[in-house]
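Scroll down for the structure; my scribbles are underneath it.
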Amino acid sequence: MSIFFCLQGCSKKNEIGKNKGYEFSEEECSLLDKFFRYLLLNESGAYTLLGTKPLTDVYICCETLEDQKERWDRLSEDEKLERVLILNQDDFNDMDFYQTLSEKVKKNAILVPERDYVFSLKEFIDNWSVIEKISISPKYLLIRKQVSPNQIFRIVFVNVVETASVIQKHYKIFRDVVGFDFDPFSVVLELKKPKSLFWEKLGESGGAYTWGLLYGFGERNAFFYSSSEERPSFNGQTFNPLPSTENVLLPSFISFSKDDPIVKRYEKERVGIKKAYEGKNFVHQTLLKLAED
């Protein structure tokens, strides 16, 4: 049971080739396929890999199935109807759970086959040793951090130059939040360390403005979101549980202008992303782009 999802199954081992002199097994290819589709397509990490989005991160709570069900049972019926519930139609436990739902919730639930389903984000955490075998250019960081003793993890995907640039451009804002001088490029690389005073201070602040800048939402959007109770809708995108390289979603954020240049920039980058993957094996192409100098 999960509110997360992905698209398509495993890529063939012989299509992936070698990576750091290592050839991924078919099972590992399947894991990478789901991981990349989740991070790049569902969470808009493709714009960090191939565009100007500085940083993409994901928080994963490694709950047991019992814990997930217990959390679900605590919700009111209205709260359940507000949730995006995506279930694996080929999984016995998911379908058994589906039968316990009210008819209204069933109508809102999305059932997807195993090949299209990230059956558990915990799988990425448990198999991080496979992801660590990926050859990654110094242009990027791909990090797993444990942020809570209660099995909450954070996956951080960083475009180093774009992130350092946005921090440099808004240096005073970040300086005021953390309370000390720093070198933008060096603090980005500190994300690789178990502890960094810069990122600890930034995290403690919880500032929507600074994090909006880092997530690539643009200065205007980040500022007005952090200081306004008004919440205009984004760009009219409809929810799609199965994004693909042919149907790439824009990063999801709230825009405060009709002809938002940030939206237009991402629309242009989306064309480039689709072109980069056109006719190519998704996992193979992603591995090539991650290793590209």
Give the aspartates and glutamates reachable from Lys289 as a straight Cα distance under 18 Å; neighbours fewer than 8 places away on the same chain don't count.
Glu15, Glu23, Asp33, Glu43, Glu132, Glu162, Glu246, Glu269, Glu278
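Which of the three applies to the range 48-122, rounded, prolate or oblate, going by the alpha-carbon gyration tensor with a ≥ b ≥ c and a/c under 1.5 meaning rounded? Don't skip to the end; give the middle numbers.
Values: a/c = 1.87, a/b = 1.66, b/c = 1.13.
Prolate is the answer for the range 48-122, as a/c is 1.5 or above and a/b outweighs b/c.
Taking R0 as 30 Å, what's the FRET efficiency between Lys107 and Ser30 from their Cβ-Cβ distance, rounded to 0.05? Walk me through the numbers before you get to the answer.
Details: r = 31 Å, r/R0 = 1.04.
The calculated FRET efficiency here is 0.45.
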Among 34-40, 121-127, the order from most to least packed when residues are scored by Cβ within 10 Å on average
34-40, 121-127
Beyond a 28 Å Cα-Cα separation, which of these cross-linked pairs lie in this structure: Lys34/Lys80; Lys106/Lys268; Lys80/Lys122; Lys145/Lys258; Lys53/Lys122?
Lys106/Lys268; Lys145/Lys258
Distance in nm between label sites at Lys133 and Arg154, each 7 Å beyond Cα in the beta-carbon direction?
2.9 nm
Over the chain: helical MRE at 222 nm, DSSP H runs n ≥ 4 each giving -39500 (n - 2.57), nearest 500
-12000 deg cm²/dmol
If you keep only loop residues by DSSP, which trypsin sites (Lys or Arg not before Pro) in the range 150-231 have at most 10 other Cβ atoms within 10 Å of their Cβ?
Lys195
Find out how many positive minus negative residues lie around Asp96, taking Lys and Arg as positive, Asp and Glu as negative, among other residues whose Cβ is under 14 Å from that of Asp96.
-2
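At 0.36 nm per residue, and after removing the present C-alpha to C-alpha distance, how many nm does the segment from Cys61 to Glu23 gain when stretched out fully? Could you put the intermediate results ahead of the total?
Values: separation 38, 0.36 × 38 = 13.68 nm, distance 3.00 nm.
Separation in residues times 0.36 nm, less the Cα-Cα distance, equals 10.7 nm.
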Simple spin-label estimate for Glu114 and Ser252 in nanometres, 7 Å along Cα-Cβ:
2.8 nm
What do you get when you divide the Cα radius of gyration of the chain by 2.2 N^0.38 Å, with N the number of residues?
1.03
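So, counting K/R as plus one and D/E as minus one, what does the shell of residues with Cβ under 14 Å around His170 add up to? Walk me through the numbers before you get to the answer.
Values: positive: Lys169, Lys172, Arg175, Arg220; negative: Glu162, Asp176, Glu219.
That works out to +1.
Throughout, read-outs are computed from the coordinates displayed, never taken from laboratory work. Computed from a predicted model, the values in this text were never measured in an experiment. Please note: Cβ atoms are built from the backbone with ideal geometry, for glycine as well, and neighbour counts cover all protein chains shown.
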